[in-house]
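Before any comments, here is the structure.
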Amino acid sequence: MLIPHATYRIQLHEGFTFAHLDQILDYLHELGVSTIYASPVTQAVKGSMHGYDATNPAVIGPDIGTEEQWERLTHKLNAYGMNWLQDIVPNHMAFDSSNPWLFDVMERGTSSEFHDFFDIDWDHPDPLLRRRLMAPFLGDSLDACLQRREIRLDHTENGFLIRYFDSHYPVTPSCYSWLGEMTGDCPAYWLAFATHLEQMMSASFEAWQMAKRDLLDKAAADPDAAHFIAAVVSLFNESPRLLAALLARQCYSLTHHQLADTRIDYRRFFTINGLICLRMEDEKVFSRYHERFLDWYKRGFFQGLRIDHIDGLADPAQYTRRLKERFGKECYIIAEKILQADESLPRDWSLEGMTGYEFLFLVNQLMADPEGNRHLLDYYRRLVPSVPRYREEQFENKYEYLKRFMGGELDNLFRQLVNALRQAGLPVLETQRLREALAVLMACFPVYRIYPAESGISENGRRTLDEAFRRANQRKPDLAAEWTTLQDIFRPEHDSGAGGAIHAFRIRLMQFTGPLAAKGIEDTTFYTYDPLISHNEVGDTPGISGISVEDFHERMRIRQSSWPLSLNATSTHDTKRGEDARIRLNILSAIPEEWTDAVDGWRALNRSMIKKIGERQAPSVNDEYFIYQSLLGGVPYDLVITDSFRDRFRKFLVKALREARTETSWTEPNQAYENACLGFADAILAKNSKFQERFMAFAGNVIRQAAIYSMSQTLIKLTSPGIPDIYQGAELWDLSFVDPDNRRSVNYDRRRVLLKRIAEEEKKGLPALFEYLSANRASGVEKLFVIWKALAYRKSHPQLFIKGEYIPIRTDPNMISYLRRHEKDWLLVVVPLIRSERDKVKSIGIVHFDLPPDGPLDWKNEFTGQVFRGGRMPVSTALFAGFPVTLLSGRNG
């Protein structure tokens, strides 16, 4: 197995292609990166900026490049001794006509060999959806769209199509005879053509495509065909009634997009209508989807896989076993999995580890001062007393989201529950009360999901269920009978009963508790509950007020023994803000009184800028507080507010307000409220505003301190158990907002120049190097230097990090220190932590810590080049005054 020693995440799209990546490989190699960690590369919806809306898993996205270009990249990576980790998306594909599998399903319905590739309920009880795939993409009701002539019949070289603006949908060939009959003058050849097509409806995909193409070409060659087809198109487009009759005969049902909130017959990715989920548990789906990936793997295009949204799969354990069997033990495989604070990855998954959100949680909680976090929480509760406690806010947002936007999914789950109860011979209680109990249970689930197997539910899974039922019963004790019924579904005696109906319900329930958690917490609560928004982060939680150094050490020891090959991430394409923005905000935990005094002053100063909309103020107190924190995290290091920054902040603010859904939303935008908030942001960010003068004075002090602690966070990531992952561009200060802001283009020319300059200055000697680093702190060059030096050491000592012990070193509470040890190689890490009443950040002082008695005699500082003859004596951190973080290497013998 080619185990990475450092990954670098690249977002590929039409603005950054294989050709662009080729131009920076030399820079990434020089930086010390071993592995390109690439976003999905297969064909996606045109213009996709992320690739998670794939349309064809067998074809390279033409916006990204070609197979030949990827092959050339592979040869170049091999020459550099580098490799490739490929992101794949087995849970879902785009619901789009450019998806050939789905287009075939829309064209041929259950006759398509792909009809059971997608998670579609073909027997949905709604007459509108029975044996028809819902297509919820209209901006209004079907009748209204027809009356406005927005839906049209068209004919192309691929046959008849239904057009709705830029979208198009197939006309099932079983309608071709009927289309001809409606004209009243249907040529004989057309009926023969249509009959032949209908006879081919159940053919294989390849045979169908060939036959259809052949017949269409023959029809097009007929001199009278064009006239007849034009007559059909004209007739139907002049009559909404005929178009409605045509649409009623299709294998899909075009509906208003909002109808999917209350009824739906396919499983979506979260609540995105345009992403339809796959039945990856089916062996034939698994084989077909991975067929080309396996070919690319065997040809050496990549050496590892990253599984996107593994929690969406019916059986992740089965999926990872199949993946390992198919790709082999040498393939490095990790999965995106969001763990809660006390949750662990199932041991029966055939993985090397995770993508690093659990590490982000630990290091982010470590960096903040726990006591200061509690002060900030107390202030927030006084400032916004209407916001509930975190767990209550979490529940309310999940419950409201489920009822408002996942009503169709809830109904489908409830029908499946009733069916399972009946097949198991269990009582079916009053339906509305039981449906309500199911909704409350889902909103009370303490983790994303558990993993029921056919053999039963694990001990950890049962503990999670017990906690979910405890919370649910506490919230709704009047549903006692319903809780008993639902608990019966999960009892061990029903593990293999009811003809598999109970197991199927358990699995399906878990496929929706995960999306509900993501939408209710990450995409809602993280914008409504704001004591300190650095913890409103994917993988993290504002419900915990920091962890101790001892807790962090213990988690790292467990990580080294259990998942040493997991990634260590601090920024990703999905994080809510950049890693260095979070550090700035965590500084507030060390100076809570100064922060709250400053906020009180800013609120008084800006009171005249608050607008009234009815009885409510805009922005609300909660949103105003969110704005101040977001500005502190994102303002440029040089404190210069440009038009570009204003524009970025405005776009971010609108997204944040709509995600919160307290005053406005994506489905029902409150323009008055949004405009008032944007006006407020414009006013406080205006040139020469009084607020800006006061804010920048406060921000400047925070930013100067944060630079040091950002280096602490970076060095911890680079040296802790796990494999460090660097998100594109984050080798310099990462102050980005949530996507799409964090997916902006990266200036690699600037990074290349800075890295080259570091190497040049180092050759001049340490005084010149550190003078340059200090003078250019605003650029983030110190962070780049830390990454460059630490990765060089990792590359030359891979076993120290993969197999080496993690040994905690007791030291001053303002710092964290630990050793990595493997055979004769030792590495000592010492970095400062954000803690209150720490004035001397740059000069840590003369705090002592004890090293193991069998440690090396000589230690070298990998950053400064200094050599320390430490022996087995206590080491003083005064030695490290030349640079704020320390990396000492040593070797016995």
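Things to note:
- Fully extending the segment from residue 262 to residue 279, taken as 0.36 nm per residue of separation minus the present Cα-Cα distance, adds 3.9 nm.
- The Cβ shell under 13 Å around residue 810 holds other residues with a net charge of -3, Lys and Arg each +1, Asp and Glu each -1.
- Inter-probe distance in nm under a simple model that places probes 7 Å from Cα toward Cβ, at residue 604 and residue 230: 7.9 nm
- Whole-Hz ³J(HN,Hα) from phi, Karplus 6.51 cos²θ - 1.76 cosθ + 1.60, for the range 128-145, glycine and proline x: 5, 10, 4, 6, 9, 7, 5, 10, x, 10, 8, x, 7, 5, 4, 4, 5, 5
- Tail fraction, Cα-Cα pairs, the range 559-706, threshold 26 Å, whole percent: 31 percent
- Within the range 130-206, the proportion of C-alpha pairs whose separation exceeds 22 Å stands at 36%.
- Alpha carbon centroid spacing (whole Å) that separates the range 266-285 from the range 708-769: 37 Å
- On Cα atoms only, tilt of 188-199 relative to the major axis of the chain in degrees: 50 degrees
- Relative contact order for the range 496-638, counting Cα pairs under 8 Å that sit 6 or more residues apart, in percent: 25 percent
- The equivalent ellipsoid that matches the C-alpha gyration tensor of the range 357-453 spans semi-axes of 37, 18, 10 angstrom, in descending order.
- Given 756/795; 298/789; 398/476; 398/576, the pairs whose alpha carbons are separated by over 22 Å: 298/789
- Averaging the sequence gap over all C-alpha pairs within less than 8 Å and six or more residues apart, then dividing by the number of residues, gives the chain a relative contact order of 12 percent.
- Using alpha-carbon coordinates, inclination of helix 781-796 to the longest axis of the chain, degrees: 90 degrees
- J(HN,Hα) series, the range 239-253, from Karplus relation 6.51 cos²θ - 1.76 cosθ + 1.60, nearest Hz, glycine and proline x: 9, x, 5, 5, 4, 4, 5, 5, 5, 5, 8, 7, 7, 9, 10
- In this label model, residue 294 and residue 640 are separated by 5.6 nm, measuring between points 7 Å along each Cα→Cβ vector.
- Ligands, DNA and RNA left out, the 1.4 Å accessible surface of the chain is 50% carbon and sulfur atoms.
- Cα shape, the range 209-261, gyration tensor, a/c 1.5 rule: oblate
- Heavy-atom accessible area per residue - the range 482-624, 1.4 Å, Å²: 30 Å²
- For residue 868, the amide hydrogen comes within under 5 Å of the amide hydrogens of 859, 860, 861, counting only partners 5 or more places away or on other chains and with H modelled in the peptide plane.
- The range 341-430, dipole about Cα centre (Lys/Arg Cβ +1, Asp/Glu Cβ -1), debye to the nearest 20: 360 debye
- Counted by Cβ distance under 12 Å from residue 164, the other residues give a net charge of 0, where Lys and Arg count +1 and Asp and Glu count -1.
- Size descriptor, Kirkwood hydrodynamic radius, that averages inverse alpha-carbon separations across the range 587-636, Å: 12.0 Å
- The mean of 1/r over all distinct Cα pairs in the range 679-818, once inverted, gives the Kirkwood hydrodynamic radius of 17.8 Å.
- Looking at the range 708-825, the accessible area is 37 square angstrom per residue; that uses a 1.4 Å probe and ignores ligands, DNA and RNA.
- Relative pair counts by distance (%), Cα atoms of the range 231-358, 10 Å bins: 10, 29, 25, 16, 12, 7, 1
- The simple Förster model, with R0 at 35 Å and r as the Cβ-Cβ distance, assigns residue 857 and residue 766 a FRET efficiency of 0.95.
- Remark: C-alpha extents of the range 480-577 on the principal axes read 48, 37, 29 Å, sorted largest to smallest.
- Taking amide H positions as modeled 1.01 Å from N, with prolines and chain starts lacking one, the residues under 5 Å from residue 83 and 5 or more places away or on another chain are 35, 36.
- Residues whose placed amide H lies under 5 Å from that of residue 168, excluding near-sequence neighbours: 97
- A simple count of charges around residue 255, restricted to other residues whose Cβ falls under 13 Å of its Cβ and scoring Lys, Arg +1 and Asp, Glu -1, yields -3.
- Calculated from backbone phi, Karplus (6.51, -1.76, 1.60) coupling profile of the range 437-450 in Hz, x at Gly/Pro: 4, 4, 5, 5, 4, 4, 6, 8, 4, x, 10, 4, 5, 10
- Distance histogram for the range 156-250 (every C-alpha pair counted, 5 angstrom bins, percent rounded to whole numbers): 2, 12, 24, 27, 20, 11, 3, 0
- Student exercise, the range 663-820 dipole from Lys, Arg, Asp, Glu Cβ charges, in Debye to nearest 20: 840 debye
- Listed residues 79, 92, 178: farthest to the positive end of the dipole of the range 55-190 (Cβ charges): 178
- Relative contact order [Cα under 8 Å, 6+ residues apart], the range 546-701, whole percent: 22 percent
- Point-charge dipole on Cβ atoms (K/R +1, D/E -1) for the chain, about Cα centre, debye to 20: 1960 debye
- Modelled FRET efficiency - R0 30 Å, residue 474 with residue 381, Cβ distances, 0.05 increments: 0.85
- Surface analysis of the range 43-163 yields an accessible area of 37 Å² per residue, using protein heavy atoms and a 1.4 Å probe.
- Stokes-Einstein diffusion for the range 315-381 at 37 °C, viscosity 0.692 mPa s, with a Kirkwood radius from C-alpha pairs, works out to 227 µm²/s.
- Cα gyration tensor, the chain - rounded (a/c under 1.5), prolate or oblate: prolate
- With the helix formula -39500 (n - 2.57) applied to DSSP H stretches of n ≥ 4, the chain reaches a computed 222 nm mean residue ellipticity of -14500 deg cm²/dmol.
- If R0 is 60 Å, the Cβ-Cβ spacing of residue 221 and residue 495 corresponds to a FRET efficiency of close to 0.45.
- Cross-link check: pairs 284/329; 717/803; 76/860 evaluated at a Cα-Cα cut-off of 26 Å; pairs beyond the cut-off: 76/860.
- Between the residues 275, 247, 219, the greatest Cα displacement towards the positive end of the dipole of the range 170-292, with unit charges on the Cβ of Lys, Arg, Asp and Glu, is found for 275.
- Gain on full extension, evaluated as 0.36 nm per residue between residue 19 and residue 803 minus their Cα-Cα distance, stands at 278.6 nm.
- If the segment from residue 143 to residue 389 were pulled out straight at 0.36 nm per residue, it would be longer than the present Cα-Cα gap by 84.0 nm.
- Sorting the segments 276-289, 522-535 by their mean number of nearby beta carbons within 10 angstrom, highest to lowest, gives 522-535, 276-289.
- Rough spin-label spacing in nm, given labels placed 7 Å along Cα→Cβ, for residue 687 and residue 467: 5.4 nm
The values are calculated or read from the model by the stated rules, or taken from the named source; none is laboratory data. The structure presented is a predicted model; accordingly, all values stated were derived computationally and were not measured. Ideal geometry is used to build each Cβ from the backbone, glycine not excepted, and the neighbour counts take in all protein chains shown. These area figures cover heavy atoms from the full protein model, side chains too; ligands, DNA and RNA do not enter into them. Shrake-Rupley method; radii C 1.70, N 1.55, O 1.52, S 1.80 Å.
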